[in-house]
Structures are given as structure tokens and as C-alpha cells.
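Step one of this worksheet: look at the structure below.
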Amino acid sequence: MHNLYHNILHALQMEDKEQAVHLSLEALETHQVSVIELYENILRPALASVVEEYKDEDDLIWKEHVRSAIIRTIIECAFPYVLKEQIAVEGEREKVIVMCPELEDHELGAKMVADFFQIAGFNAYFIGARTPLKTILNAIRDVQPRYLVISVTNFYHLLSVKRVIEAIKEVASPDLTFVLGGRAIDANPNSVSEIGADLHLRNFEDIQQLIEVGK
């Protein structure tokens, strides 16, 4: 996997979309990696590394946008493999909504998490970046999820997430579990309880533990 990471990272650094997508899908097709391994061990660190690679902000912004776009394509193309790896469950699958706060543009981590929940046997609804409060309230009303997962990358959005959770709690079922993840949460785990959420989600293993607790 070490060589695969560096090969895909090199393709991303060269902005070679064709090669990056080819290497990723070939690795999935030949079972070199699972979707979870591709996301957690290759795509996520490759996306994060762009900040260290380009110190000049003018270069960083466009380089990050290009890399994000390529990785987004890989994730979309990987969905058939998500379905192949999906764990079979008895009865109706539990529902989860995965979203980003209203001012949050970084959605790739949330997209990966939605696929993780799908693999774990959930029916995952990914409603994307910059989700307004009214939109999420409508989605919760219609979907009736067991979990609401909010991905927060920018530390400055934590206060707005707290307000969103407070507003949702006023109208949603008390059974709804609030789950937080993303770089801003990983860097400050105590913020989970401070914001009013229930759980901190870091990786696929946390989803598996969440299932075990819920049994």
C-alpha cells in the first residue's frame, strides 16, 4: 500500500487526473485495497498533504481545488465498490444524514463518511456542503434518521454548529444522535460535548463500534 500511496500522490501532485483515477480504480478492482483503505490510508492523507506542499497561499488555493476535484472524481467512481463491500443487514437499514455546516465548503471528508456508513449497512443520505438550517430540518423531517453526522473542517464554524444543533433539538426526535467529525473536531475533541453533540467520529472503526453499542 505504501507504493500505491506514493504513486497516487505523485499523480495528484502532477494534476494527472487520468492516472490518479486509473490507479485508484485498478487497486479496488484487483483487491489491492478496500474502499475503506483507499479513503483512509491514501486519499485522505493525500488531500491533507497539499497544505504542507504549498506554502504560498495563492498557489495553495488552486492546487487544493484541483486536487480536491480529482479526489472527488475518484470517490464518485468508487461507489460501485462501496456497494460490493456493503455489509448485509437483516430488516430495514437504519438511516443516517451526513452534512456540512452552512458556511463549510470542504465536503470530501463528509462524502467519504457517507460511503463508510453505506458500507456498514446504513442507508446514507449525503446532503453536501453549505447546508442551511431550514434544509437540514426538512431533511430530518422527511428521512427520520437515527444519526445526524456533521463534518466540520474550519474551526471558526464550531459556534455555528452549536447553534444548528440547538435549533434541531427543539424540533427533532430525542432519539436523534448527533455525531461530529472533521479536522476541526479531531483537533479539539472536547468540542463535541461543548457543542451539544453525542459522539466523535474519526474513522470507519468508530462506525463499527457505534453499531455494536446500538445493538
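None of the figures in this text is laboratory data; all of them are computed from the coordinates on show. Bear in mind the structure is a predicted one, so any value in this text is a computation, not a measurement. When we count neighbours, we look across all protein chains shown, and the Cβ atoms used for this are built from the backbone with ideal geometry, even at glycine.
Rounded to the nearest Hz, the phi-derived 3J(HN,Hα) couplings of segment 80-87 under the Karplus curve 6.51 cos²θ - 1.76 cosθ + 1.60 (θ = phi - 60°) are x, 6, 4, 5, 5, 8, 4, 6, where x marks glycine and proline. The angle separating the long axis of helix 57-77 from the principal Cα axis of greatest extent in the chain is about 80 degrees. Setting aside same-chain residues fewer than 8 positions from LYS162, which aspartates and glutamates have a Cα under 19 Å from its Cα? The qualifying aspartates and glutamates are GLU102, GLU104, ASP105, GLU107, GLU170, ASP175, ASP186, GLU194, ASP198.
Annotation: amide H of VAL98 within the under-5 Å range of TYR125, PHE126, ILE127, VAL149, sequence separation 5 or more or interchain, hydrogens built in the peptide plane.
Counted by Cβ distance under 12 Å from PRO145, the other residues give a net charge of +1, where Lys and Arg count +1 and Asp and Glu count -1. Relative to its Kirkwood radius, the Cα radius of gyration of segment 89-214 gives an Rg/Rh of 0.92.
So what is Rg over Rh here for the chain, counting just Cα atoms and using Kirkwood for Rh? Write down the numbers at each step before the final one.
Numbers: Rg = 17.4 Å, Rh = 17.9 Å.
With Rg and the Kirkwood Rh in hand, the quotient comes to 0.97.
Counting only DSSP H runs of at least 4 residues, each contributing -39500 (n - 2.57), and dividing by the residue count of the chain, the helix-based mean residue ellipticity at 222 nm comes to -16000 deg cm²/dmol.
May I ask you to derive the relative contact order of segment 13-94, considering only C-alpha pairs under 8 Å and at least 6 residues apart, and to give it as an integer percent?
Values: 34 pairs, mean separation 34.5, N = 82.
Once divided by the residue count of segment 13-94, the mean separation gives 42 percent.
Working note: Karplus 6.51/-1.76/1.60 with θ = phi - 60° gives segment 12-25 the couplings 5, 5, 8, 6, 8, 4, 4, 5, 4, 5, 4, 4, 5, 6 Hz, where Gly and Pro are set to x.
Before anything else, pin down the relative contact order of the chain: Cα pairs under 8 Å, at least 6 apart, normalised by residue count, whole percent.
On the way: 291 pairs, mean separation 33.5, N = 215.
Computed value for the chain: 16 percent relative contact order.
Plainly put, segment 117-157 has a radius of gyration that is 0.99 times its Kirkwood radius, both from alpha-carbon atoms, as the Rg/Rh ratio. Translational diffusion coefficient of segment 105-173 at 10 °C, 1.306 mPa s, Stokes-Einstein with Kirkwood Rh over Cα pairs, in µm²/s as a whole number. Once the numbers are plugged in, D ends up at 124 µm²/s. Fully extending the segment from ALA69 to GLU92 would add 4.9 nm, taking 0.36 nm per residue of separation and subtracting the current Cα-Cα distance.
Past 25 Å, Cα to Cα: identify those pairs from LYS63/LYS95; LYS17/LYS134; LYS95/LYS134, in the order given.
On the way: LYS63/LYS95 35 Å; LYS17/LYS134 36 Å; LYS95/LYS134 19 Å.
With Cα atoms farther than 25 Å apart: LYS63/LYS95; LYS17/LYS134.
Each label was represented as a point 7 Å from its Cα along the Cα-to-Cβ direction; for ASN138 and TYR156 these points are 2.8 nm apart.
Working from label points 7 Å from Cα in the Cα-to-Cβ sense, the HIS200 to ASN41 distance is 2.5 nm.
For segment 170-180, the Karplus equation 6.51 cos²θ - 1.76 cosθ + 1.60, evaluated at θ = phi - 60°, returns couplings of 5, 10, 8, 5, x, 7, 5, 9, 9, 10, 10 Hz by residue, with Gly and Pro reported as x.
Once you have the Cα-Cα distance between PHE79 and VAL51, take 0.36 nm times their residue separation minus that, and quote the gain in nm to one decimal. Each step should come with its number before you reach the end.
Working: separation 28, 0.36 × 28 = 10.08 nm, distance 2.70 nm.
Working it through step by step, the gained length comes to 7.4 nm.
What shape does segment 2-84 have by the C-alpha gyration tensor, where a ≥ b ≥ c are the square roots of the eigenvalues, rounded means a/c under 1.5, and otherwise prolate means a/b greater than b/c and oblate the rest? Working shown, then result.
Working: a/c = 2.16, a/b = 1.92, b/c = 1.12.
Prolate.
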